[in-house]
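The values are calculated or read from the model by the stated rules, or taken from the named source; none is laboratory data. From a predicted model like this one, the values you see are computed outputs, not experimental measurements. So basically every Cβ, Gly included, is an ideal-geometry build from the backbone, and we count neighbours across all protein chains shown. SASA here: full protein model, heavy atoms, side chains in, ligands and nucleic acids out. Shrake-Rupley method; radii C 1.70, N 1.55, O 1.52, S 1.80 Å.
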Amino acid sequence: MAEPIPTHAHAHEHRHHDFAEANKAFFDQHAHELHRPDALKLRQKTVAVMQRAYPALFDEDRTEVLDYACGVARACRRDAGLLSQALCPHVKSIVGVDISQASVDAYNAQASNQGLEPEEMRAVCAELKGASGELDDAKFDLVVCSASYHHFPSIADTTRVLAHFLKPGGSLLVADIKAAPDGRELFKQTHHHIVPHKHGLAEEAVRGAFEGAGLMEFELADAFKATMSATGEETQLFVARGSRESRQACMDTPESRTRDDIPIRGTAK
């Protein structure tokens with residue numbers, strides 16, 4: 001049976017709409033509502049799919065994670081931090097980032113209630129730009145973003161920002177709603193003020209965003225089907241992965257080779 005996806009409500013989209021501000025306002029308002037049990041189940045299922053597909057990315061002693069839009073992924077911030085909660089037993093540490101201060105407060109309260117120290121799991125309120133000095137210039141082994149890409153007006157810009165925070169050899173994992181083959185709208189009109197990608201996301205668009213950000217080894221695979229709770233619409237979720245070039249790969253480029261590395265042709269007799 002398909003898992004329900006919590007969805008959103010309110011107003012109408014208009015030309016030149018500020019989606020970031022609309023999302024911030026909406027989720028600040030709903031941050032302290034109780035989360036639905038099915039939302040946690042959905043996040044756990046998402047993490048399980050990621051782990052099965054890419055087990056080498058999860059090391060409880062070494063993997064440092066950035067959970068981007070750590071509250072947006074749910075229909076309300078009432079579910080803030082659920083992906084991080086599901087990830088926490090499998091990684092060393094998680095830093096959540098969100099533009100909603102109320103969501104960050106809820107995330108940190110949940111982490112504290114679980115007995116987790118800030119160095120294990122914490123969130124900060126920020127609208128990242130990929131600029132020097134952000135997050136104290138921290139870099140991560142793994143960046144995750146679950147069910148949030150459809151909230152970002154430009155997934156290309158967002159992917160470039162997230163790639164900035166990857167360590168060499170680090171990976172970006174994105175889970176979201178795949179566009180339907182017939183191109184129909186998957187979000188109701190009342191959701192459009194916070195969801196610019198109302199048709200879901202096409203594989204070509206996600207590939208273009210990843211490759212445009214310089215990420216390598218792009219893969220996108222269907223994960224599982226889920227049902228929109230507000231519409232009853234069954235949708236297909238996907239997981240996409242791309243990796244930043246490793247430091248060794250950068251060192252092995254022809255431009256980086258020393259003179260002693262270059263084979264010398266033998267002279268003719």
Legend entry - Within segment 110-130, considering residues that are within 20 Å of Ala86 (Cβ to Cβ) and either under 13 Å from the mean Cα position of the chain (by Cα) or of a type in the set (Asp, Glu) (or both), the one least open to solvent (accessible area, probe 1.4 Å): Glu120
Inset, instruction - Sort out which residues of segment 203-219 are hydrophobic (A, V, I, L, M, F, W, C) and buried (at least 16 other Cβ atoms within 10 Å of the Cβ), and write them in order of number. - result: Val206, Ala209, Phe210, Ala213, Leu215, Phe218
Inset, instruction - Report yes if Asp260 is more than 20 Å from Ala163 (Cβ to Cβ), acidic (Asp, Glu), at pLDDT below 95 and open to solvent by 60 Å² or more (accessible area, probe 1.4 Å), otherwise no. - result: yes
Inset, instruction - Would you be able to say whether some residue in segment 71-93 is of a type in the set (Asp, Glu), in contact (Cβ under 8 Å) with a residue 24 or more places away in the chain and in contact with a strand residue (DSSP E or B) (Cβ under 6 Å, 6 or more places away or on another chain)? - result: no
Inset, instruction - State the number of residues belonging to segment 220-248 that are among the charged types (D, E, K, R) and either without any contact (Cβ under 8 Å) to a residue 60 or more places away in the chain or open to solvent by less than 50 Å² (accessible area, probe 1.4 Å) (or both). - result: 3
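Does at least one position in segment 56-71 carry a residue that is surrounded by fewer than 24 Cβ atoms within 10 Å (Cβ to Cβ), out of contact with any Cys (no Cβ under 7 Å at 6 or more places or on another chain), modelled with pLDDT of 95 or more and part of a helix (DSSP H, G or I)?
As a first pass, look at segment 56-71 and keep what is surrounded by fewer than 24 Cβ atoms within 10 Å (Cβ to Cβ): 56-64.
Restricting the remaining residues to those that are out of contact with any Cys (no Cβ under 7 Å at 6 or more places or on another chain) gives 56-64.
The next check asks that each one be modelled with pLDDT of 95 or more; those that pass are 56-64.
Narrowing the set further to residues that are part of a helix (DSSP H, G or I) leaves 56-57.
Scanning segment 56-71 turns up at least one residue that is surrounded by fewer than 24 Cβ atoms within 10 Å (Cβ to Cβ), out of contact with any Cys (no Cβ under 7 Å at 6 or more places or on another chain), modelled with pLDDT of 95 or more and part of a helix (DSSP H, G or I).
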Legend entry - Residues (surrounded by fewer than 24 Cβ atoms within 10 Å (Cβ to Cβ) and farther than 13 Å from Gly242 by Cβ) located in segment 166-175: Lys167, Pro168
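Being hydroxyl-bearing (Ser, Thr, Tyr) and touching a helix residue (DSSP H, G or I) at 6+ places or on another chain (Cβ under 9 Å) is the filter here, so list the residues in segment 116-147 that pass it. Please lay out each step first, then the result.
Initially, segment 116-147 is screened for residues hydroxyl-bearing (Ser, Thr, Tyr), giving 132, 146.
Correct list: Ser146 only.
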Inset, instruction - Could you tell me whether Ser93 is within 21 Å of Ala175 (Cα to Cα), at pLDDT below 95 and either open to solvent by 40 Å² or more (accessible area, probe 1.4 Å) or not hydrophobic (A, V, I, L, M, F, W, C) (or both)? - result: no
Inset, instruction - Could you check Gly81 against (1) among the small types (Gly, Ala, Ser); (2) modelled with pLDDT of 95 or more; (3) buried (at least 20 other Cβ atoms within 10 Å of the Cβ) and say which number it fails? - result: (2)
Inset, instruction - Would you check which residues across segment 131-155 are among the polar types (S, T, N, Q) and surrounded by 13 or more Cβ atoms within 10 Å (Cβ to Cβ) and list them? - result: Ser146, Ser148
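Which of the residues spanning segment 119-139 are closer than 16 Å to Ile94 by Cβ, part of a helix (DSSP H, G or I) and not hydrophobic (A, V, I, L, M, F, W, C)? Can you show your working first?
Filtering segment 119-139 for residues closer than 16 Å to Ile94 by Cβ gives 119-126, 128, 135-136, 138-139.
Still in the running and part of a helix (DSSP H, G or I): 135-136.
Result: Asp136, single match.
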Legend entry - Residue under evaluation Asn23, criteria (1) more than 18 Å from Lys198 (Cβ to Cβ); (2) surrounded by 21 or more Cβ atoms within 10 Å (Cβ to Cβ); (3) at pLDDT 50 or above; (4) not charged (D, E, K, R), criterion not met: (1)
Inset, instruction - Evaluate segment 99-118: report whether one residue or more is within 18 Å of Val174 (Cβ to Cβ) and either part of a loop (DSSP other than H, G, I, E, B) or at pLDDT below 95 (or both). - result: yes
Legend entry - Residues satisfying the stated conditions in segment 179-193, i.e. surrounded by 20 or more Cβ atoms within 10 Å (Cβ to Cβ) and either free of Cβ contacts under 8 Å to residues at least 60 places away in the same chain or under 17 Å from the mean Cα position of the chain (by Cα) (or both): Ala179, Leu186
